[in-house]
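Just so it is clear, none of the values below were taken in a lab; they were calculated from the coordinates. If you're wondering where the values come from, they're calculated on a predicted model, not measured in any experiment. Neighbour counts run over all protein chains shown; Cβ positions are idealised from the backbone, glycine included.
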C-alpha cells in the first residue's frame, strides 16, 4: 500500500472519530449505595442506550455468629461496574444490564472462651484464647440486572438518579484458619469452613439500591 492510500485510509478512520469527539456528551454521578460510595461516568450510545462505568468503595464492621462463636470483623466493599442502560421510552426510566468486577471481602476473627463448641456436628474443646479467623470472598466477575431513573447524558445540567437491582455474586466462599490448641486439629478448620459455607449459601444474590446526584455536560 503506497503512502497516498495510507493517508486516505487514515482520513476515513479519523472522520467518524472527529464527529464523535465533537458530539461527545457525558454525565458524572456521585452516589451512595449498598455497594458503597462512588463515582460513575456515563455517555449516550444512541437515542435509547447509554454506557456507564464506575467504582464503589466502603468499609463497615460486621458480625457473624456460627457454632456459638461470635465472629467480628470488617466487610470491605470494593467494586468496578460496567453497565449498559436501555431507555425504552427515551426518557428518565432505564433498564440496566452489565457486569460488576467484585472485590468485596469479609474478614472475621473469633476468640474462644474455655469450653466445648459443636462445629458441624463435632465437639471441639477450647482451652481459652484459641482463635478462628475467616476470610469470605465472592465471584470476581458478577452479572448485574436492574432498573432505575436518571437524567440523560445528552441533557445538560444537574439531576437525581436511582438504581434498584440484583448482583448475582454466587455462593460466598469461606476460608478458615486457627491458632492455639485448635491449630493442631485440621478437622476443626475444615468443619468450621464447611459450616460457614453452608450458612452463607443463601447469599448468592446481593440487592443493590443506589441514590445519587449527577451533572451532564
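Compute the Kirkwood hydrodynamic radius of the stretch 91-151, taking the inverse of the mean of 1/r over all pairs of distinct Cα atoms, and give it in Å to one decimal. Display every interim value, and only then the final one.
Details: mean 1/r = 0.0635 Å⁻¹.
The Cα-based Kirkwood calculation yields 15.7 Å.
Over all directions, the average projected area of the alpha-carbon convex hull for the stretch 175-217 comes to how many nm²?
Numbers: hull surface 23.8 nm².
If you wrap the Cα atoms of the stretch 175-217 in a convex hull and average its projections, you get 5.9 nm².
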Helix-only [θ] at 222 nm, the chain, -39500 (n - 2.57) per DSSP H run of 4+, per residue, nearest 500, equals -5500 deg cm²/dmol
Dimensionless Rg over Rh [the chain; C-alpha; Kirkwood] = 1.20
Paired Rg and Dmax values of the stretch 57-168, which use every Cα atom, in angstrom | 21.4, 66
Could the peptides 149-162, 94-107 be put in order, highest first, of the mean number of other beta-carbon atoms found within 10 Å of their residues?
-> 94-107, 149-162
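Percent of alpha carbon pairs in the stretch 24-122 separated by more than 17 Å?
Values: 3106 of 4851 pairs.
Roughly 64 percent, rounded to a whole number.
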